Amino acid sequence: VQLQASGGGLAQAGGSLRLSCAASGRTFRSYVMGWFRQAPGKEREFLAAISWSGGTTVYADSVKGRFTISRDNAKNMVYLQMNSLKPEDTAVYCCAAKPDVSGWSNRYKYDYWGQGTLVTVSS
């Protein structure tokens with residue numbers, strides 16, 4: 001599975017952005033998909049994950065209620081809708097894929113990673 005994230009950019013605090021992750025490969029729909037971010041000087045942080053069917057989602061407390069993950073298996077796409085953005089959301093965001101349902105928030109469980117997209121939130 002090859003992944004490519006896009007949609008990052010500059011937003012004002014309180015604003016919104018929608019990130020997209022395009023996946024290649026016929027087995028995309030069998031993977032759990034996740035979004036992570038990494039700010040300068042910080043470790044990679046789990047944000048959200050979604051099951052292969054889209055029926056189950058998991059969120060980090062830091063983004064719960066503000067971010068929404070979704071997927072469209074027909075288009076091989078995963079999305080992250082980000083609302084009520086804060087300056088501390090500034091980071092490089094990337095999508096990832098893993099074939100099993102264990103350890104959704106564990107970055108070491110993800111086998112495939114896309115190139116990140118930079119999100120900058122100004123105050």
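The values are calculated or read from the model by the stated rules, or taken from the named source; none is laboratory data. Because the structure is a prediction, the values reported are computed rather than measured. Virtual Cβ from ideal backbone geometry, glycine too; neighbours counted across all protein chains shown. Just so you know, the surface numbers come from the protein's heavy atoms only, side chains and all, with ligands and any DNA or RNA stripped out. Shrake-Rupley method; radii C 1.70, N 1.55, O 1.52, S 1.80 Å.
Of note:
- Qualifying residue in the range 68-76 (condition: part of a loop (DSSP other than H, G, I, E, B), modelled with pLDDT of 95 or more, open to solvent by 40 Å² or more (accessible area, probe 1.4 Å) and under 23 Å from residue 10 (Cβ atoms)): no
- Look at the range 35-56: where a residue is without any contact (Cβ under 8 Å) to a residue 40 or more places away in the chain and a partner is among the charged types (D, E, K, R) and open to solvent by 70 Å² or more (accessible area, probe 1.4 Å), sitting 6+ places away or on another chain with Cβ atoms under 9 Å, you get 48/64; 52/29; 53/29.
- Of the criteria (1) in contact with a helix residue (DSSP H, G or I) (Cβ under 9 Å, 6 or more places away or on another chain); (2) open to solvent by 40 Å² or more (accessible area, probe 1.4 Å); (3) in a strand (DSSP E or B), which one residue 102 fails: (3)
- Test result for residue 92, surrounded by 17 or more Cβ atoms within 10 Å (Cβ to Cβ), in a strand (DSSP E or B) and over 15 Å from the mean Cα position of the chain (by Cα): no
- Test result for residue 10, closer than 19 Å to residue 115 by Cα, surrounded by fewer than 13 Cβ atoms within 10 Å (Cβ to Cβ) and aliphatic (A, V, I, L, M): yes
- The residue list 86, 64, 109 contains one member that is surrounded by fewer than 21 Cβ atoms within 10 Å (Cβ to Cβ) and in contact with a Lys or Arg (Cβ under 7 Å, 6 or more places away or on another chain), which is 109.
- Complete set of residues in the range 44-58 that are in contact with a strand residue (DSSP E or B) (Cβ under 6 Å, 6 or more places away or on another chain) and open to solvent by 50 Å² or more (accessible area, probe 1.4 Å): 44, 45, 57, 58
- In the range 14-26, the residues that are farther than 19 Å from residue 116 by Cα reach residues that are of a type in the set (A, V, I, L, M, F, W, C) and modelled with pLDDT of 95 or more with C-beta atoms within less than 6 angstrom, at least six apart or across chains, in these pairs: 15/85.
- Selected residue (criterion: nearest to the chain's Cα centre (by Cα)) from residues of the range 24-40 that are among the small types (Gly, Ala, Ser) and modelled with pLDDT of 95 or more: 34
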